[in-house]
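The values are calculated or read from the model by the stated rules, or taken from the named source; none is laboratory data. This is a predicted model, so every value here is computed, not measured. When the accessible area is computed, the model is the full protein with side chains, heavy atoms only, and any ligands, DNA or RNA have been set aside. Shrake-Rupley method; radii C 1.70, N 1.55, O 1.52, S 1.80 Å.
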Amino acid sequence: AAGQNKQHFITKNTAKLDRETEELHHDRVPLEVGKVIQQGRQSKGMTQKDLATKINEKPQVIADYESGRAIPNNQVMGKIERAIGKSRK
């Protein structure tokens, strides 16, 4: 078996892997939560970059939360809540 290409064994499981990744997905931040974050930030006169700097995160994190693309992280959510004065209820 030396020198033979064994790659064809990997391709047998490709369809199975594709099905698994479609079935297994992470929860995202609800769009309603993103809107609350955006409204709270704007009411304080902050840009996404300002809020990100205040909570020591990257601006992309704020953009992802506001657009509903982020996977919820309680630590980040807590920092956002404190920064904009809103709470999740």
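Give me the accessible area per residue for the stretch 33-84, probe 1.4 Å, as a whole number in Å².
Computed with neighbouring chains in place, this is 58 Å² per residue.
Starting from the Cα gyration tensor of the stretch 33-84, multiply each eigenvalue by 5, take the square root, and state the resulting semi-axes largest first in whole Å.
14, 12, 10
Carbon and sulfur atoms: what percent of the 1.4 Å accessible area of the stretch 33-84 do they account for?
Summing carbon and sulfur atoms, their accessible area is 47 percent of the total for the stretch 33-84.
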